[in-house]
Amino acid sequence: MTERARATAEPPADPEPPAPPRRSDATRAGILAAARERFAADGYERATIRAIARDARIDPSMVMRYYGNKEGLFAAATSVDLRMPDFTRVPREDVGRHLVTHVLDVWEDADELTALLRVGITNQAGAARMRDIFAEQLLPVAREVCPDPAEAPTRAALCAAQVLGLALTRYVLRFPPSAALTREEITQWLAPTLQRYLTADRP
């Protein structure tokens, strides 16, 4: 049989099955989940590597192996990327709606954001981490779209107050009226306010 005929007669090889998740990935995820719960419950100062390891059902040495110390573990547990898009490409009149829908997309797909909010309202280390996220990820959005870049910090802070207030009542405190709102209802209520904060003239 010729090589061409053999290739035609033989069925194609099955594709390689996807690689199973590595055990180390599952271990890291378990450590980070336990760390977020412990930091939120005890605060940064009182939370211990030993308690976090016990919650994750692993030896404390494994926590140290992956994250080095409590400071490194806290940084990893509270690392959040809001994945902000380029708002210079968004029509000016649609900035508020775009920001609300983007934040909802990210928040409802990332448990670590809720965990970080819980940590941030219980201890200074968590609050400092939230301030870093505000400065690094939300403030640049205000600078891109507001009429006067010098006002960007104030305008971004007002947006943060709205977004974090909603997140606190919807995802942490779970106020029934807030939790019951649909995404479209949230957008309709919140988008005009964020739009005004970001693009309107100073009152």
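The values are calculated or read from the model by the stated rules, or taken from the named source; none is laboratory data. From a predicted model like this one, the values you see are computed outputs, not experimental measurements. Neighbour counts run over all protein chains shown; Cβ positions are idealised from the backbone, glycine included. Side chains included, ligands, DNA and RNA excluded: accessible areas come from the protein's heavy atoms. Shrake-Rupley method; radii C 1.70, N 1.55, O 1.52, S 1.80 Å.
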- Output the helices (runs of 4 or more DSSP H) that fall wholly within segment 1-64 and possess 1 or more residues being at positive phi and modelled with pLDDT of 55 or more, or say none. 23-46
- Task: Would you point out the residue of segment 75-90, among those that are closer than 19 Å to Ala115 by Cα and among the polar types (S, T, N, Q), that is surrounded by the most Cβ atoms within 10 Å (Cβ to Cβ)?
- Result: Thr78
- Query: How many residues does segment 39-74 contain that are open to solvent by 50 Å² or more (accessible area, probe 1.4 Å) and either among the charged types (D, E, K, R) or closer than 23 Å to Arg131 by Cα (or both)?
  - Reply: 11
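For the structure I just gave you, tell me whether Glu93 is under 30 Å from Lys70 (Cα atoms) and open to solvent by 50 Å² or more (accessible area, probe 1.4 Å). Working first, answer last.
On the way: under 30 Å from Lys70 (Cα atoms): no; open to solvent by 50 Å² or more (accessible area, probe 1.4 Å): yes.
No, not satisfied.
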- Message: Let me confirm something: among Ala157, Ala179, which residue is more than 16 Å from Phe87 (Cα to Cα), open to solvent by less than 70 Å² (accessible area, probe 1.4 Å) and modelled with pLDDT under 95?
- Response: Ala179
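Of the residues that sit in segment 182-196 and are of a type outside the set (Asp, Glu), free of Cβ contacts under 8 Å to residues at least 60 places away in the same chain and in a helix (DSSP H, G or I), which one is least open to solvent (accessible area, probe 1.4 Å)?
First, pick out the residues of segment 182-196 that are of a type outside the set (Asp, Glu): 182-183, 186-196.
Now narrow it down to the ones that are free of Cβ contacts under 8 Å to residues at least 60 places away in the same chain: 182, 188-189.
Within this subset, residues satisfying the condition of being in a helix (DSSP H, G or I) are 188-189.
Details: Gln188: 109, Trp189: 191 Å².
Among those that are of a type outside the set (Asp, Glu), free of Cβ contacts under 8 Å to residues at least 60 places away in the same chain and in a helix (DSSP H, G or I), it is Gln188.
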